[in-house]
């Protein structure tokens with residue numbers, strides 16, 4: 001009887017191993033081929049028989065619109081990260097110190113953008129940006145106003161994890177009793193203690209802003225992704241090269257993020273799931 | 001410590017609240033209110049009546065079919081992949097690599113994803129060229145990559161990894177003792193899946209499928225980068241109604257479609273969280 005059970009279990013284990021191998025190979029092919037094909041495509045010569053060349057990568061610099069879009073997207077990423085921190089960090093600290101009742105409400109508000117698809121949000125933003133364009137400014141950098149809302153959920157989670165790990169109340173009371181101003185408390189006590197959470201939040205905002213397409217395209221601004229999509233109709237090689245470059249950049253950011261986040265893998269995974277939802281917008 | 005102190009405390013949260021009121025609540029209210037307004041500002045339901053236009057109905061049906069198909073296929077393959085991961089070494093390299101790859105790939109969307117597929121299976125793509133050398137014409141049935149069939153393939157690229165991420169905890173929650181118990185009672189593999197693991201995983205599987213549905217239902221960038229003209233899915237119709245280039249500038253109508261999308265996404269999300277709550281009961 002025991003021998004029968006054993007051989008029964010052995011065949012089952014073998015079947016399981018075959019199943020796993022098949023699944024991993026199929027998944028590997030499906031997910032790696034498009035990535036490989038991108039780099040293959042960008043190194044093609046003029047004709048299929050021509051030798052490999054880096055012309056597509058080199059000619060990125062010869063498209064002034066593209067360069068302008070890259071600059072605009074990088075500026076937007078910087079402005080959005082900064083504005084997000086200025087808005088979120090003091091509020092979250094203040095709520096922890098003085099307005100605990102508001103904590104749930106702030107969390108709810110911050111997570112709200114997750115349930116509103118970007119294509120829906122932009123419908124409401126169009127009249128606002130028309131008004132802003134006439135009365136305030138029609139610069140592409142005004143997109144940062146919308147992007148701060150877009151990054152709220154991810155940054156809230158990142159910062160919340162950081163603030164939960166320290167005793168905000170004791171730290172700030174100690175600093176206040178020694179005569180520090182609220183500004184000093186914030187800049188010299190709180191911020192240094194949650195620096196890795198702040199870094200996380202910034203990385204996530206940068207990755208998100210650089211990948212954003214839906215809002216910019218519908219508000220008629222040419223950010224990086226919009227420009228790549230436009231260029232793709234004229235010169236596929238160059239636009240695929242830029243996509244590959246932005247993908248590599250995002251990947252480097254995520255690797256850096258995971259390095260700073262060692263031992264907190266759960267949070268990172270959660271953040272990624274969220275980022276992807278918005279980025280696809 | 002009276003009322004004066006309280007009002008001072010509230011001031012600290014004002015900048016944040018004002019900001020979200022202007023850039024989150026105001027646009028949302030503009031959408032909901034505007035859906036019921038005519039161009040001249042009088043109340044109307046005609047924006048919603050316009051939803052019955054044939055091209056809107058076909059875009060909505062396309063969106064729902066596309067999301068349902070990619071959700072079901074993505075969830076099925078994603079679940080198999082999750083099972084393949086869960087049956088391996090929990091501390092193994094393979095698991096760590098696959099899970100972090102899923103994390104990265106699930107967020108791989110938008111324009112880049114469309115281009116990655118054009119580079120691999122587009123008319124001049126690597127796979128297309130290789131297949132041609134073996135006498136296989138990928139495009140014998142027309143240029144399917146540029147219509148809804150192309151989207152169905154491309155969307156799986158982010159649906160499957162998302163499924164792995166959200167479904168893996170449920171698969172990990174299955175204990176080997178349950179299988180041993182089933183076997184010691186004389187149950188076969190079929191019995192085990194039919195009466196033990198299947199019913200336990202079903203709510204989680206359904207919930208995750210719904211999440212995948214909402215995920216592809218609200219996707220716009222990939223579709224628009226791949227299929228640049230027309231509006232074969234609902235998000236593209238919204239963009240068309242917003243834009244004045246096509247000569248169809250109808251802001252009220254765009255808002256009615258946006259409200260429709262919110263309603264569908266919210267319904268699906270609520271169902272998802274209900275099913276998720278049911279799963280978490282035995283996952284602990």
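The values are calculated or read from the model by the stated rules, or taken from the named source; none is laboratory data. No experiment lies behind these values; they were computed from the predicted model shown. A quick note on method: Cβ atoms are made from the backbone with ideal geometry, for glycine too, and the neighbour counts reach across all protein chains shown.
Points to keep in mind about this one:
- Taken as a whole, region B:246-254 holds at least one residue that is away from chain A (no Cβ under 11 Å) and either out of contact with any helix residue (DSSP H, G or I) (no Cβ under 7 Å at 6 or more places or on another chain) or in a helix (DSSP H, G or I) (or both).
- Of all residues in region A:128-137, none satisfies being surrounded by fewer than 20 Cβ atoms within 10 Å (Cβ to Cβ), within 30 Å of residue A:172 (Cβ to Cβ), more than 10 Å from chain B (Cβ to nearest Cβ) and over 19 Å from the mean Cα position of the chain (by Cα).
- Looking only at region A:174-208, residues that are closer than 18 Å to residue A:151 by Cβ and surrounded by fewer than 18 Cβ atoms within 10 Å (Cβ to Cβ) come to 2 in all.
- Looking across B:78, B:12, B:92, B:41, one residue alone is surrounded by 18 or more Cβ atoms within 10 Å (Cβ to Cβ) and either modelled with pLDDT under 85 or over 29 Å from residue A:253 (Cα atoms) (or both). It is B:12.
- Residue within region B:42-59 that is at the interface with chain A (Cβ under 10 Å from one of its Cβ atoms) and touching a helix residue (DSSP H, G or I) at 6+ places or on another chain (Cβ under 6 Å) present: no
To keep it simple, each residue is scored yes or no on (1) more than 30 Å from residue B:118 (Cα to Cα); (2) in contact (Cβ under 8 Å) with a residue 12 or more places away in the chain; (3) more than 13 Å from chain A (Cβ to nearest Cβ); (4) part of a helix (DSSP H, G or I).
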residue	(1), (2), (3), (4)
B:165	no, yes, no, yes
B:178	yes, yes, yes, yes
B:198	yes, no, yes, yes
B:207	yes, yes, yes, yes
B:228	no, no, no, no
B:237	no, yes, no, yes
B:267	yes, no, no, yes
B:275	yes, yes, yes, yes
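- Residue list for region A:227-254, restricted to those being more than 8 Å from chain B (Cβ to nearest Cβ) and under 13 Å from residue A:70 (Cβ atoms): A:227, A:231, A:238, A:241, A:242, A:245, A:249
- Of all residues in region A:112-127, those satisfying the criterion of being surrounded by fewer than 18 Cβ atoms within 10 Å (Cβ to Cβ) and either within 7 Å of chain B (Cβ to nearest Cβ) or within 13 Å of residue B:31 (Cβ to Cβ) (or both) are A:112, A:115, A:127.
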